[in-house]
Each structure stands twice: as structure tokens, then as C-alpha cells.
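Trainee: Would you mind keeping the following structure in view while I ask a few things?
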Amino acid sequence: MKNLLLATISILSTCLLYTPANAASFDCKKAASWIEKTVCDSPELSKLDDAMAEKYKSNLAASSDYEDSKAFKNRTIANQRTWLTFQRNTCKSEECLIREYKEYIEEQTNYGVAWNFSDELSPSDLPSKSALGNFSQTSQISLYNSDTQQWEDSGEATNTVSIHSVANKPYLSIIDGVLIFTNTHTCDLGESKAIWSQNHWVINDDQSDKNVELRLYPATYKGQTQLLLRDMDDQYRRLHCGMRGYFDRIILEREVS
């Protein structure tokens, strides 16, 4: 009986060692959302969350090394909130969470996550109606005056992206839009086919020597449906928009019809 008791205690102790009690960014005892509970229940995700939190702290600490440290710190905080809102917190599976965490930590894109679709996907696997529609953002455009050698405001311009459904194929969409940048340099997205991949639309335009992927993450942000553009590895704009067409991390707001 004594040996049996000792064996039971040993097994319980071993199990406890492999149960993540805390993740670095939050207290697992207070986990409330599906995301938090999933991170706490998974040893792999718990370790990834630890690594994510450490990297975020490191990035904040590094802000003091920059001349405009306050602006760098504010940008780091804003980028973290954007990642949480649009990328991590829109996941509905462990596979999605693992990808988002690893990309954050490693700063390296994990390609090939778009599904090979069948007609048997559950409703939870598909995009909601808010992931479709017209999205826009109004911003100030600057022009460089070669005579004065200064940047001058030239007024406002509106960036637009429209996501259209495809009949009988809810996992597909057609995306078009025009983005306007410094010196009124424009980038026309054309009519690109996009595939729903877990928590985002993805446009793949791969070349023989590189992966070209534009992701569009819809999410509720500040009480409104918005769309985050992620130009993975900064390749999409190089191929389609030229060097001045930088639009990674632009956020557009869904227009109410």
C-alpha cells in the first residue's frame, strides 16, 4: 500500500511539472478567453507566450537606445496591440496560434498555411460577413519640392480595398483596391484572388525565386471592423508597387453600407 501511494504521488508530481501554471504575459489562474485558456493548456503555446513576452520587453528596453526614444516606445506598444488584436486574438485553432507566435518571435514568415479547400469546412472555419466589404483610410499625402528641398503637404488621399465574395465558394474572394503613398505614388491591387486561411485573407503571387504574400486580417478594433494589411517579408510591394509603395501594417476601416 505504501509503495502504491508513493507511486501515485510520483505520477502526480510528474504531471504537475508539465502543466503550465503561468504564461509570461498573463496569469493563467485568471485566464478567461479561449485564447488564454488554450495558451495555458498547451505546453508549446505556453513556452511561445513566454518567448513573446520576453521579446516584447526587450523591444521596449531597446527604445532607450534611439534618439527619439518616446516615439520608438509608443510605436512598439502600438505594434504589440495591433498584433494581439488582428493576428493572435483572431485565431480559432492551436495551429493558427502557433504560427502567429512563431512568426512574431522568429521574425520569419511561415508560408504554406492556406488550406487546400474542400466543400466540407465548418462555419467556424470560414470568414464572417464582416471580413467582406469596402475598407478605406484617409491620410495626408506629402510631395517633395525640389526647389525648396522640403516635403510639403498636398492634401488628403483615400486608400481603398474592396473584398468581394465568390458565389458558392465562401473561402474565396476577389480583392481590389488602390493605395496612395508619398509623392502620390500609387499601387493598384488589381483584381486578385484571395483564399481564406484560418484568420486572414491571403493573396499568393509567388515567383520562381521568392514567396510573395499579402495578408489581410479583419478584426474588431476600437469598436469597429477594420482590416490590417501585412506584406509578408516586404515582397508584395516590391513586385507590384515599386520601392515607394510601402504599405505593411496599414489599417483600414470597414465602410458601413
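Trainee: Please name all residue pairs, on different chains or six or more residues apart, with Cβ atoms under 6 Å, provided the first residue is in segment 210-227 and is in contact (Cβ under 8 Å) with a residue 40 or more places away in the chain and the second residue is among the polar types (S, T, N, Q) and assigned to a strand (DSSP E or B).
Mentor: Every condition considered, the pairs that remain are GLU213/ASN204.
Trainee: Starting from residues that are of a type in the set (Gly, Ala, Ser) and under 27 Å from the mean Cα position of the chain (by Cα), keep the ones in segment 131-151 and report whichever is nearest to SER257 (Cα to Cα).
Mentor: Result: GLY133.
Trainee: Additional query: Return the total of residues in segment 153-177 being in a strand (DSSP E or B), charged (D, E, K, R) and under 20 Å from PRO218 (Cβ atoms).
Mentor: Total satisfying the criteria: 1.
Trainee: Right, another one. Which residues, counting only those in segment 83-96, are under 14 Å from the mean Cα position of the chain (by Cα), assigned to a helix (DSSP H, G or I) and at pLDDT below 95?
Mentor: CYS96
For every residue, the table says whether it meets (1) touching a Ser or Thr at 6+ places or on another chain (Cβ under 9 Å); (2) within 29 Å of ASN89 (Cβ to Cβ); (3) among the acidic types (Asp, Glu).
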residue: ALA157; (1), (2), (3): yes, no, no
residue: LYS169; (1), (2), (3): no, yes, no
residue: LEU179; (1), (2), (3): yes, yes, no
residue: ASN183; (1), (2), (3): yes, no, no
residue: ALA194; (1), (2), (3): yes, yes, no
residue: TYR236; (1), (2), (3): no, yes, no
residue: ILE251; (1), (2), (3): yes, yes, no
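Trainee: Return the pairs, sorted by first residue and then second, in which the second residue is charged (D, E, K, R), the first residue lies in segment 63-84 and is outside the structural domain of HIS200 (by TED's automatic domain parsing), the beta carbons are less than 7 Å apart, and the residues are 6+ apart or on different chains.
Mentor: SER63/LYS73; THR82/ARG249
Trainee: Filter segment 152-184 for residues that are of a type in the set (Gly, Ala, Ser) and surrounded by 14 or more Cβ atoms within 10 Å (Cβ to Cβ); which is farthest from the chain's Cα centre (by Cα)?
Mentor: Pass one, segment 152-184, residues of a type in the set (Gly, Ala, Ser): 154-155, 157, 162, 165, 167, 173, 177.
Next cut, surrounded by 14 or more Cβ atoms within 10 Å (Cβ to Cβ) only: 154, 157, 162, 165, 173, 177.
Details: SER154: 31, ALA157: 25, SER162: 19, SER165: 21, SER173: 19, GLY177: 19 Å.
Here the answer is SER154.
Trainee: Shifting gears a bit: Residue check: is GLY245 farther than 19 Å from GLN108 by Cβ, surrounded by fewer than 21 Cβ atoms within 10 Å (Cβ to Cβ), of a type in the set (Gly, Ala, Ser) and touching a residue at least 60 places away in the same chain (Cβ under 8 Å)?
Mentor: It is true that GLY245 is farther than 19 Å from GLN108 by Cβ, surrounded by fewer than 21 Cβ atoms within 10 Å (Cβ to Cβ), of a type in the set (Gly, Ala, Ser) and touching a residue at least 60 places away in the same chain (Cβ under 8 Å).
Trainee: Going by the structure shown, is ARG215 part of a loop (DSSP other than H, G, I, E, B), within 12 Å of the chain's Cα centre (by Cα) and of a type in the set (Lys, Arg)? Explain how you work it out, then say what you get.
Mentor: Numbers: part of a loop (DSSP other than H, G, I, E, B): no; within 12 Å of the chain's Cα centre (by Cα): yes; of a type in the set (Lys, Arg): yes.
Considered against the rule, which asks whether it is part of a loop (DSSP other than H, G, I, E, B), within 12 Å of the chain's Cα centre (by Cα) and of a type in the set (Lys, Arg), ARG215 comes out as no.
The values are calculated or read from the model by the stated rules, or taken from the named source; none is laboratory data. Please read all numbers here as calculations on a predicted model, not as lab measurements. Reconstructed Cβ throughout: ideal geometry from the backbone, glycine too, with neighbour counts over all protein chains shown.
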